[in-house]
1. Just to be sure I follow: if Rg is taken over the C-alpha atoms of segment 307-402 and Rh is the Kirkwood radius over the same atoms, what is Rg/Rh?
2. Of the accessible area of segment 95-215, with the probe set at 1.4 angstrom, what percent is carbon plus sulfur?
3. Using mean Cβ contacts within 10 Å as the protection proxy, how do 361-371, 109-119, 89-99 order, highest first?
4. How large, in percent, is the carbon and sulfur part of the accessible surface of segment 307-415 at a probe radius of 1.4 Å?
5. How far apart, in nm, are the 7 Å Cα→Cβ label points at residue 214 and residue 471?
6. Taking the Cα atoms of segment 59-178, report the difference between the largest and smallest coordinate on each principal axis, in whole Å and largest first.
7. Would you work out the charge dipole size for segment 240-379 about its Cα centre, treating the Cβ of every Lys and Arg as +1 and the Cβ of every Asp and Glu as -1, and quote it to the nearest 20 debye?
8. Quick check: pseudo-label points 7 Å beyond the Cα along Cα→Cβ at residue 326 and residue 104, how many nm apart are they?
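The values are calculated or read from the model by the stated rules, or taken from the named source; none is laboratory data. All of these numbers come straight from a predicted model, not from anything done at the bench. Because the Cβ atoms are built from the backbone with ideal geometry, glycine has one as well, and the counts that use them run over all protein chains shown. Surface areas here come from the heavy atoms of the whole protein model, side chains and all, with no ligands, DNA or RNA. Shrake-Rupley method; radii C 1.70, N 1.55, O 1.52, S 1.80 Å.
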Amino acid sequence: MSTSQQPGADAVDPLPIPVPAEPAPAPATGGVLSRPYLALSLGIVSVVLLIAFEATAVGTAMPVAARELHGVPLYAFAFSAYFTTSLFAMVLAGQWADRSGPLAPITLGIGGFAAGLLLCGTAASMWVFVLGRAVQGLGGGLVIVALYVVVSRAYPRRLQPAILAAFSACWVVPSVVGPLIAGTVTEHLGWRWVFLGIPVLILLPLLLALPQIRRRAVGPLPADPDAPPRTAPRGRLAWAFALSLAAGLLQYAAGDPHWRSLPPALAGAVLLALAVRVLLPRGTWRAARGLPAVVLLRGVAAGAFIAAESFVPLMLVTQRGLSPTLAGLSLALGGSTWAFGSWVQARPAWSAYRRTFMTFGMVLVAAAIATAPGVLFSWTPVWIVAVAWGFGCFGMGIVTSGTSTLLLELSAPEEAGTNSAALQMSDGLSNVLLLALGGAAFAAAGGGAVGAAHEVTAGAAAGASHPAAFAAVFLPLAAVAAVGVWVARRTRE
């Protein structure tokens, strides 16, 4: 409605103030693939699918790239550069999308992600390659948070669980075929084509999604006169930069376990503690009921499970003599059960029981992590790990999609971006911190070296790792997951 149509407005005002057009009312029936949502759903799901494929394929091509670029000493930086820059981009995307809508951050994010891939694929030195990974991280961080804002604005509440479950399902196929395709391309065409081929595939999602996002989710939301004024902390972007710096310092210290790493480790820990107090919802660390508990639960679940999963193949190779291929296949069942868990929590008929399902999911996650070291006993069948991990992934599918759905339910529309950034930060930070702590416990208990990207070293493959070292990893992580059962019960306001 223009100002000339408002009660009391001057009917001859020659310069009415423009306001954003109101989105078309959402249909009362139909799913995420019904005609009104088909193009948007296919577009944004395709974006997530490409990001998932890149994430699962890059580990296969990275060792070859580092060797050919004579940059093996910088190998770890190629992984950490993506993570550290994505943390900053998540906060930026949250504020940007809340203020102006998700179209601009998604467009810039996809462009940045593609530019980073091209930079990596054409790199003549390892430092240029690391720079490309950093640009990718900026793009990926912008996209993943802005997509949550798209879901919040463009889909009615009844369809949000289904589209978020589709996001989780996007990781199933890439996790299985991504390394295989990347390995084949690397072997026959060269590692550069793993990076250069993906930008071409981004064109289709752009053509499908961007027009729909412009029509359904563009512009700032109209102000609610009854809503209390927002009191967002000042300087969030500065704190986001501090968080990225802290993550980089901690990863550097973890990669160089020496006394000289103590100062950067301490500096990183202090910066991290200060930054998360500003960037995460108040009360997150004490699991305050509602939104803070949802954000914490995401971190507890993801950090414990992913950190434990990193040690499963190494344990099966060193303690039970499996080949790396068979050890990796022991986790293959998890992709389908993860997707099934996401589907379960998205059923409209079961929405009233979502928090109960999430509590049950965390029980499954804790049980899976606690069961895995049972194969350290020779009389335990090796297939127990595959079965346990299948149940654990089912629980993770419920929890990850459930926390995403609850986050949007508990967020005011104008805060969906900021809160989505907090959820993603909790996920990523807990992965890094718990994996670092797990690696320290593993080494202290007599474990062998664990190579980057879960590569088994020759010494470890020969049986250098002590069985107790794996118990020192899995049992504390199972305890962390058990705490998640309590946190899940506090997600109800």
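1. Details: Rg = 14.4 Å, Rh = 13.7 Å.
That ratio equals 1.05.
2. Percent of accessible area from carbon and sulfur atoms in segment 95-215: 74.
3. Working: 361-371: 24.0, 109-119: 21.9, 89-99: 25.7.
In decreasing order of mean packing, 361-371, 109-119, 89-99 become 89-99, 361-371, 109-119.
4. 72 percent
5. Distance between label points: 6.3 nm.
6. Projected onto the principal axes, the Cα atoms of segment 59-178 cover 51, 33, 19 Å.
7. That gives a dipole near 560 debye.
8. 5.7 nm
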